[in-house]
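K.L.:
The structure that follows is given in the form of structure tokens.
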């Protein structure tokens, strides 16, 4: 029970103080906890306005603080192609000795070379950003250098693509049933193309007055059969997509291989140029090494001359003396297709301990 001390003058008419039971309401509040204190009302937090829709575009965002610190140490800001070339470029860098890790939604791939800061861009725009100095160097298709009219340094050609090592081709195509047999037959019609400037230049140089070169946002093959569209310009590596859509090629507009390009100011900087040249050298070596293997075997000296005649090499096979003076080890780098034929032949000539190994990089 809660007791309350009161003055006896108010209850009993004397000055003595007495202990009496507290009111029931007070006892209830004490069991529930202390009575709440009176507090001044707190202002409602003001909500910040959302950014306008126009600003909410899909573009590379500023990297986190740690990555900004990394970029301050990086020597070369490198444009890494996003899209169809992304996976094959990642594999190429891996063979060249660079570990590149790309997160699913990230725009700044991590590279184990601290002198390189990778930034993901579409291949279509890399040459423009290299020309403007946003990037020091990057990898893109030759087609987009031509289409953008980009004023960049073409450091080297890198013959690789999504599917093959052959150049991709931009072709003028029409439906199989079309009466069009040559580009001149498309005069007065609409031509759909993603490569608008290059396509328009192709017709202008030949004096062919097409009605319009319409930009295609994708699914270009479908548009070839639409009324008013005379033909399309699309890129192909194997021609399989054109055949699947019953299209035939009328003319080739442009052959395009992948290029490593550099900004002119960056190329004039000795430190940046050296780094860009180093990357180019390793990537080219990785492309050459992809189709090669090392072939190693032990031979008795009596068979060495005969086997050596069969072995292709840059100069001559590498010969190493074994502990047993009657035997040597022979080593050579050959094409993968050659290795499968050489192995059985060398075995029949007495070779033993035959070893085949992959080669990542070959520098001539």
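The values are calculated or read from the model by the stated rules, or taken from the named source; none is laboratory data. Computed from a predicted structure; not experimentally measured. Methodologically, a virtual Cβ is constructed for each residue, glycine included, from the backbone with ideal geometry; neighbour enumeration extends over all protein chains shown.
K.L.:
Please give the number of the condition residue 331 fails out of (1) in a strand (DSSP E or B); (2) touching a residue at least 40 places away in the same chain (Cβ under 8 Å).
P.N.:
Exception for residue 331: condition (2).
K.L.:
Take segment 203-229 and flag every residue that is over 24 Å from residue 243 (Cβ atoms) and either under 30 Å from the mean Cα position of the chain (by Cα) or in contact (Cβ under 8 Å) with a residue 60 or more places away in the chain (or both).
P.N.:
213, 215
K.L.:
Can I ask one more? Tell me which residues, restricted to segment 303-314, are touching a residue at least 12 places away in the same chain (Cβ under 8 Å) and either under 17 Å from residue 338 (Cα atoms) or loosely packed, with under 14 Cβ neighbours inside 10 Å (or both).
P.N.:
First, pick out the residues of segment 303-314 that are touching a residue at least 12 places away in the same chain (Cβ under 8 Å): 303-304, 306-308, 310-314.
Once the filter is applied, which keeps residues that are touching a residue at least 12 places away in the same chain (Cβ under 8 Å) and either under 17 Å from residue 338 (Cα atoms) or loosely packed, with under 14 Cβ neighbours inside 10 Å (or both), segment 303-314 yields 306, 307, 308, 310, 311, 312, 313, 314.
K.L.:
Listed residues 265, 271, 255; which is in a strand (DSSP E or B) and surrounded by fewer than 17 Cβ atoms within 10 Å (Cβ to Cβ)?
P.N.:
Working: 265 fails: in a strand (DSSP E or B); 271 fails: in a strand (DSSP E or B).
Being in a strand (DSSP E or B) and surrounded by fewer than 17 Cβ atoms within 10 Å (Cβ to Cβ) holds for just one of 265, 271, 255, which is 255.
K.L.:
Taking residue 299, is it more than 23 Å from residue 363 (Cα to Cα) and surrounded by 19 or more Cβ atoms within 10 Å (Cβ to Cβ)? Before the answer, list the steps.
P.N.:
Values: more than 23 Å from residue 363 (Cα to Cα): yes; surrounded by 19 or more Cβ atoms within 10 Å (Cβ to Cβ): yes.
Judged against the criteria, residue 299 is a match.
K.L.:
A follow-up question, please. Show me the strands (runs of 3 or more DSSP E) entirely contained within segment 70-147 in which 1 or more residues are in the same structural domain as residue 159 (by TED's automatic domain parsing) and more than 16 Å from the chain's Cα centre (by Cα).
P.N.:
Working: elements: 76-82, 116-122, 137-141.
Output list reads 76-82.
K.L.:
All but one of (1) surrounded by fewer than 15 Cβ atoms within 10 Å (Cβ to Cβ); (2) farther than 30 Å from residue 202 by Cβ; (3) in contact with a strand residue (DSSP E or B) (Cβ under 9 Å, 6 or more places away or on another chain) hold for residue 228; state the number of the condition that does not hold.
P.N.:
Here residue 228 clears every test but (2).
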